[in-house]
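Peer 1: Let me begin by handing over the structure; questions about it come next.
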Amino acid sequence: MHGIIKPKRHFNLTSSVTPSPLPCNPRLALSDPNWKAAMADEFDALIKNKTWELVPRPPDVNVIRSMWIFRHKKKSDGSFERHKARLVGDGRSQQVGTDCDETFSPVVKPTTIRTVLTIALSKAWTIHQLDVKNAFLHGHLHETVYMHQPMGFRDPDHPNYVCLLKKSLYGLKQAPRAWYQRFADFVSNIGFSHSKSDHSLFIYQQGNDMAYILLYVDDIILTSSSEGLRQSIISLLASEFAMKDLGPLSYFLGIAVTRHTGGLFLSQRKYAEEIIERAGMTYCKPTTTPVDTKAKLSVSCGSPFKDPTLYRSLAGALQYLTFTRPDISYAVQQVCLHMHDPKDGHMNALKRILRYIQGTLDYGLHLFKSSISGLVSYTDADWGGCPDTRRSTSGYCVFLGDNLISWSSKRQPTLSRSSAEAEY
């Protein structure tokens, strides 16, 4: 009546794929058609792989639980891709000596990775990353392991039977070791031998042909002296495992690898941002140094910190960040000394490291093409610097050519009576 005209609202009626929420338990998942289809796909894949066989339950045996893990699989841009369900065994219910024995599995050392990348750069070799689909399912079990049938997929004819596992399954204590042994046995058959200093580095050498394989659980880096040799090795691996060539190395173990003129740049920016966010310091003010010039931290730096689990989680995450950040090695070593009983002063020191990282998110490690004929090491130590034990702290860094490949900051295990003894 007053001449006021409201604009007409247009509603967007186009349909879009909305992912189903993560279910709290398998029973809820089975009531959702999306999750039920994902569970059926996983179950069919395990049956096709002949992961187990159904047998009557023997008396007086340990039968582990079977569990379903659900997650939304996303694309590289963060958009939803598909529903992912994975059947795992409950390794916590395994008994050592009964259904598991040796569980240790070697993983490649960070120093080995940087050394191989330096050699590949110096010789202008291509560096490729390989992906193994369901790597743990390739491992053979040498122990007798029984598992309950998965919920929702029990055999109607034999509901009381149990699964006798023939192949490794995610969640088992020996799954990483079984996969490593299977992979190591195969590559040794095609001419590789593992390094004596790092059992996750496999070396191939036939005349002038050379290749290196770095194995970190199911992440693989392959570099070779020729394109033909690389294709041959990938073909042999693909004939035994569900292998996929991801192309030139770009993202490995949470480390972004960027090629630049003359070399590589290794960065953990995304991982660093996640640590800062976990600490609730996303908008903190940056600082220019990771540690102050005061005396070293003592065991009595204020009252006990109210959340020691958070402290240990952040300190452990910072340890992995030193993979590409030697500038924080000393500061991280200092806060890690007090993970058993963190105080407020220790947490303040840890927060200072996070504030330093906030202002240096773009920092990383450069690897250049250079001569690898020289191996140079630098070392130093203080004397009696620890205020509690009077032990000294040693530090070293090792260069292969122009590239920094190894560094450390560590409190010495013994007490030194002089600065010369500490440095020696």
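Peer 1: If you take the C-alpha gyration tensor of the range 259-406, multiply each eigenvalue by 5 and take the square root, what semi-axes do you get, largest first, in whole Å? Before the final figure, lay out the partial values.
Peer 2: Working: eigenvalues 169, 89, 25 Å².
The equivalent ellipsoid of the range 259-406 has semi-axes of 29, 21, 11 Å.
Peer 1: If you filter the range 305-376 for trypsin sites (Lys or Arg not before Pro), then keep DSSP loop positions with at most 16 other Cβ within 10 Å, what is left? Could the numbers behind the result be given before it?
Peer 2: Numbers: sites: LYS306, ARG312, LYS343, LYS351, ARG352, ARG355, LYS369; in loops: LYS306, LYS369.
In loop regions of the range 305-376 (DSSP not H, G, I, E or B), the sparsely surrounded trypsin sites (Lys or Arg not before Pro) are LYS306.
Peer 1: For the range 78-146 and the range 220-246, write down the distance between their C-alpha centroids in whole Å.
Peer 2: Cα centres, the range 78-146 to the range 220-246: 17 Å.
Peer 1: I would also like to ask the following. Stretch LEU246-ARG92 to full length: gain in nm at 0.36 nm per residue minus the Cα-Cα span? Write down the numbers at each step before the final one.
Peer 2: On the way: separation 154, 0.36 × 154 = 55.44 nm, distance 3.40 nm.
Using 0.36 nm per residue and subtracting the Cα-Cα distance, I get 52.0 nm.
Peer 1: Give the peptides 219-230, 195-206 in descending order of average Cβ contacts within 10 Å, highest first.
Peer 2: Values: 219-230: 18.7, 195-206: 15.9.
So the order, starting with the most tightly packed, is 219-230, 195-206.
Peer 1: Using a 1.4 Å probe, what is the accessible area per residue for the range 180-258, in Å²?
Peer 2: Values: 3590 Å² over 79 residues.
Averaged over the residues of the range 180-258, the accessible area is 45 Å².
Peer 1: Looking only at the range 238-265, which residues have a backbone nitrogen under 20 Å from a spot 7 Å from the Cα of PHE368 in the C-beta direction?
Peer 2: Correct set: 257-265.
Peer 1: Could you tell me the largest-minus-smallest coordinate of the C-alpha atoms of the range 252-335 on each of the three principal axes, in descending order and whole angstroms?
Peer 2: Cα spread of the range 252-335 along its principal axes, largest to smallest: 50, 26, 23 Å.
Peer 1: With an 8 Å cut-off on Cα pairs and a minimum separation of 6 or more residues, tell me the relative contact order of the range 77-227 in percent. List each step's numbers first, then the result.
Peer 2: Working: 220 pairs, mean separation 47.5, N = 151.
With pairs under 8 Å counted, the relative contact order is 31 percent.
Peer 1: So what is the relative contact order for the range 185-335, in percent, with contacts set as C-alpha pairs under 8 Å and at least six apart?
Peer 2: Details: 118 pairs, mean separation 16.0, N = 151.
The normalised contact order for the range 185-335 reaches 11 percent.
Peer 1: Quick check: convex hull over the Cα atoms of the range 142-274, volume per residue in Å³, rounded to an integer?
Peer 2: Values: hull volume 25.0 nm³, N = 133.
Residue-normalised Cα hull volume stands at 188 Å³.
Peer 1: Follow-up question, since we're still on this one. Where both partners of a DSSP beta bridge lie in the chain, what percent of those bridges are antiparallel, to the nearest 5? All intermediate terms of the calculation are to be shown ahead of the outcome.
Peer 2: Details: 68 of 71 bridges.
Given both bridge residues lie in the chain, the antiparallel proportion sits at roughly 95 percent.
Peer 1: Based on Cα positions only, what radius of gyration and what Dmax would you give for the chain, in angstroms?
Peer 2: Calculated on Cα positions, Rg and Dmax stand at 26.4, 97 Å.
Peer 1: Could you check which residue among ALA184, ALA29, ALA315 shows the biggest mean-square fluctuation in a GNM of the chain with a 10 Å Cα cutoff?
Peer 2: With Cα springs under 10 Å in the chain, the top fluctuation among ALA184, ALA29, ALA315 is at ALA29.
Peer 1: Could you pull out every one of the lysines with an alpha carbon less than 29 Å from that of LYS48, ignoring same-chain neighbours closer than 8 positions?
Peer 2: Straight-line reach from LYS48, under 29 Å: LYS36, LYS73, LYS74, LYS75, LYS84, LYS133, LYS166, LYS167, LYS173, LYS244.
Peer 1: Enumerate the calculated ³J(HN,Hα) couplings along the range 100-113 in order (Karplus 6.51 cos²θ - 1.76 cosθ + 1.60, θ = phi - 60°), each rounded to whole Hz, writing x wherever the residue is Gly or Pro.
Peer 2: Result, ordered by residue: 7, 10, 6, 10, 5, 10, x, 10, 5, 7, x, 4, 5, 4 Hz.
Peer 1: Could you tell me the convex hull volume per residue, in Å³, taken over the Cα atoms of the range 23-73?
Peer 2: Values: hull volume 5.8 nm³, N = 51.
Dividing the Cα hull volume of the range 23-73 by its residue count gives 114 Å³.
The values are calculated or read from the model by the stated rules, or taken from the named source; none is laboratory data. In this text the structure is predicted, and so the values were computed from the model without any measurement. So basically every Cβ, Gly included, is an ideal-geometry build from the backbone, and we count neighbours across all protein chains shown. Note: areas computed on protein heavy atoms with side chains; ligands, DNA, RNA excluded. Shrake-Rupley method; radii C 1.70, N 1.55, O 1.52, S 1.80 Å.
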